[in-house]
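Below: the structure, in structure tokens.
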Amino acid sequence: MRQHKGVFSADFDSGRKSIALRYDPEFVDLHTVQRLANESGAQLADHYDRCEFRLAGGSCASCGNGLEHRLSQIPGLANINVNFATGRLALEYRSNGAGVLEAIQEKVRSAGYESTPAGRYDDQVEAASWRRMVILTAICGTGILVGLALSLRAVNQLTGLNESAISILRSAIFGLAGVAGGVVSARVAYRSLISLAFNVDLLMIVAALGAAAVGYWEEGAVLMFLFSLSNTLEAYALGRTRRAIRSLAALTPKEALVRRGESDVTVPIELLQPGDIVIVRPGQRIPADGVAVAGESSIDNSAMTGESMPVDVRPGDYVHAGAINQHGALEIRATKRANDTTLAKIIKLVEEAQSQKSNTQRFIDKIGDQYTTAVLAITVLTLLALPTVFQWSLSDAFYRAMTLLVVASPCAVVISTPAAILSAIANAARNGVLFKGGAYLENLSQVKAILFDKTGTLTVGKPAVITVRPADGFSEGELLAIAATAESRSEHHLGRAIVEAATARKLSLLSVADFTAQTGQGLTARVDGEPVWLGTEDFLRENGFQLDSQHAASLDEVRSKGQTAVLVGMERSHSKRLVGLIGIADRLRDSSLETVQRLRRLGVNEMVMLTGDNPAAAAVIAGQLGIRFQAKLMPQDKVTFVRRMLGQHGKVAMVGDGVNDAPALAAATIGVAIGVGGTDVALETADVVLVSDNLTRLVYAYDLSRRSNGIIRQNLAFAFTVIAGLILGAFAGWLTLPMAVVGHEGSTLIVVANGLRLLAGRAPVARRV
């Protein structure tokens, strides 16, 4: 299916026995998909669509698990993914299932959640929810302080109440404080129960009620305060991650100045059409992808690509929505609608990435429900065993069981992975690297070999003048000026490279006349009135030029380096003589050598360059980088080589430009596309996208993957160690209920804070090596 025109990606899930396709409906329809499956010996059954919602009102992993369980009762749903940390619900449902979407929304509403279409953000609702949590936590804390103050002799004397009344008043105040601190958790616990699932909030509510039931009103209130405080801080921390990702959406202006006839009018960007001329003044953001048609300026692409240096823009250059115009006014011809720009697609990809869980997170979610159920069972057994076997009082046994219930709750374990993954994805997006899901972030640093496309990836992707060898009597400047003048009338890509080289050296072109080009051979022209020939060795020999041994040696040297040789000759005083030769080749990117060196230092020792170019040209580039190469490869040959490397190394990354490398990107464990440049294939096919052409972003992505995996391991090790220590302390009787809550909630906040460290840091700027 991947080989079929219009299919961007096809991923088979052997566990679910399903295939996920991204395709262009102009080239592929469902009948074609069914035919392709039949030809490969498979048969496709139902067709599923995907929808996403934003959820408000849930803030814990078990909330998501309970809602998933509730939604799984709806017939026609193939996959349900509730991401509690990002507040997103992603579903795959049978396209021909009548009323499936309506049933989904009804189940969500009946579970007490508010849902809105994905992509719509209501910051006021989120802020109001967080403020409500802060207020309730503050009320709870204040109530506990008042209750504790009533224990002081001086306060008792001021009130004039007897000890019995003071005791009743303190219990009432602690009870009200516990209610304030437990309102949010009680609501979540109720949703969990009606969804036939158990969660941490339910455990905490039971523990607090149990403490109050045996007379420990003060400790029940403290438990609710600490749990409420932890949830408030956790909501704030995860909100930072969501806001970091959501800030991408703020990069697109709401309006654009568009030329309509003889006047310029301001229109909402939703009304922009391809072909519209958009005027962008200094300091404004570019509202749409397009091509500059007038004006010169420099633009700040840092928000899009993470590059710190501005990029010069002239007529003919492609620009992306979201970049800031710095100096001169620009006129841009829009090439895409606002909802189809590269920035819009990047935002959508990042949103989808939040919902794609890593393998570690999937495993933890899978065992989470069973673990919570086991904790409840052990708590009940403890409550029954202590009075029966050890002759404890029912009150002491109940208190010890509630303490065990708190310390064994898996909050820190559950939050440890998403806190790190979401922070890393948000940081990467700010630095011009798009991970399409937590699994790709987790797997990138585990690859044992990295394969690179040559043209457009390791090299700039267009010819450039590398060698200038003037003949005796001429300087490099004279040779380039004569050649560039003759080529100034040419449209050939080699000719454009010569003209660009002369322009870069600020050489003045001469007058040119009588230009004639011979396809595949060369050209003739008059430069300052003198006849000039420019082209291949055979072309110049046919026109009466002789090459001496020095010229022949220079020609062999240039060719040995994989460069295309362009010879220049002219006639002066009725004598034909060689002016010199120019070597042209695709130039290595400034960032390529640094990238290879830094990856090697990080432990990636197997790096191979794959190219369809000839072996001589490939050997030069590979030699400069110090890596192996495979030359003269067709796209299908690259796929074959990728599969061979997978057999040798297990996990392999393929880095390409996302166009002709699409099959190889799809075949690799991790496909990395470098530079989006307006192409949709890079965004659709690859698992990781480097938005800019700066290859050092690959090193940054690899290192970020290593750091995120390290932090996940730290979090899990810390969380399990704390839980084990607290359980031992609870059984030994060393922990009071408030101490248990401090240990439990403290460990949760520590793993969240540790994960948020991945939000910090910027990708380094490439330097010439």
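The values are calculated or read from the model by the stated rules, or taken from the named source; none is laboratory data. Please read all numbers here as calculations on a predicted model, not as lab measurements. Cβ placement follows ideal geometry from the backbone for every residue including glycine, while neighbour counts extend to all protein chains displayed. Surface areas here come from the heavy atoms of the whole protein model, side chains and all, with no ligands, DNA or RNA. Shrake-Rupley method; radii C 1.70, N 1.55, O 1.52, S 1.80 Å.
Things worth noting here:
- Volume of the convex hull of the stretch 578-663 (Cα atoms only), normalised per residue: 124 Å³.
- Projecting the Cα atoms of Pro410, Gly437, Asn427 onto the dipole axis of the stretch 365-478, where Lys and Arg carry +1 and Asp and Glu carry -1 at the beta carbon, places Pro410 farthest toward the positive end.
- When +1 charges are put on Lys and Arg Cβ atoms and -1 charges on Asp and Glu Cβ atoms, the dipole computed for the stretch 255-299 relative to its Cα centre reaches about 80 debye.
- The phi-based Karplus calculation (6.51 cos²θ - 1.76 cosθ + 1.60; θ = phi - 60°) puts the 3J(HN,Hα) values of the stretch 261-272 at x, 9, 10, 10, 10, 8, 10, x, 5, 5, 8, 5 Hz, whole numbers, x for Gly and Pro.
- With only the Cα atoms considered, the stretch 479-519 has a convex hull volume of 61 Å³ per residue.
- Global form of the stretch 603-648, assessed from the alpha-carbon gyration tensor, a/c cut-off 1.5: oblate
- Glu606 long-range amide H proximity, modeled H, under 5 Å: Ile450
- Loop-located chymotrypsin sites (Phe, Trp or Tyr not before Pro) in the stretch 378-422 (DSSP state other than H, G, I, E, B) with a sparse environment of at most 11 neighbouring Cβ atoms within 10 Å: Phe390.
- Note on the stretch 407-427 and the stretch 696-713: Cα centroid distance 16 Å, given to the nearest whole angstrom.
- Note that the stretch 320-335 has calculated 3J(HN,Hα) couplings of 10, 4, x, 6, 9, 6, 9, 10, x, 6, 10, 10, 10, 8, 5, 10 Hz, one per residue in order, obtained from phi through the Karplus relation 6.51 cos²θ - 1.76 cosθ + 1.60 (θ = phi - 60°); glycine and proline are x.
- Rg(Cα)/(2.2 N^0.38 Å) for the stretch 364-444, N = residue count: 1.73
- Leu695 long-range amide H proximity, modeled H, under 5 Å: Ser591
- Ordered by solvent-accessible area of protein heavy atoms (1.4 Å probe), largest first, the residues Cys51, Cys140 come out as Cys51, Cys140.
- Isotropically averaged projected area of the stretch 598-741, using the convex hull of Cα atoms (one quarter of hull area), nm²: 12.8 nm²
- The C-alpha atoms of the stretch 423-495 occupy a region whose extents along the principal axes are 62, 26, 19 Å, arranged from largest to smallest.
- Calculated SAXS-style log₁₀ I(q)/I(0) at q = 0.18, 0.20, 0.24, 0.28 Å⁻¹ - the stretch 391-432, Debye, Cα scatterers: -0.64, -0.69, -0.79, -0.88
- Packing-based ranking of 694-700, 582-588 yields 694-700, 582-588, ordered from highest to lowest mean Cβ neighbour count within 10 Å.
- Over the stretch 682-757, volume per residue of the alpha carbon convex hull, in Å³: 106 Å³
- Ordering of 478-491, 546-559, 438-451 by burial proxy (mean other Cβ atoms within 10 Å per residue, highest first): 438-451, 478-491, 546-559
- Whether the stretch 469-582 is rounded, prolate or oblate, judged on the alpha carbon gyration tensor where a/c under 1.5 counts as rounded: rounded
- Rounded, prolate or oblate (a/c below 1.5 giving rounded, otherwise prolate when a/b exceeds b/c) for the stretch 524-628 by Cα gyration tensor: prolate
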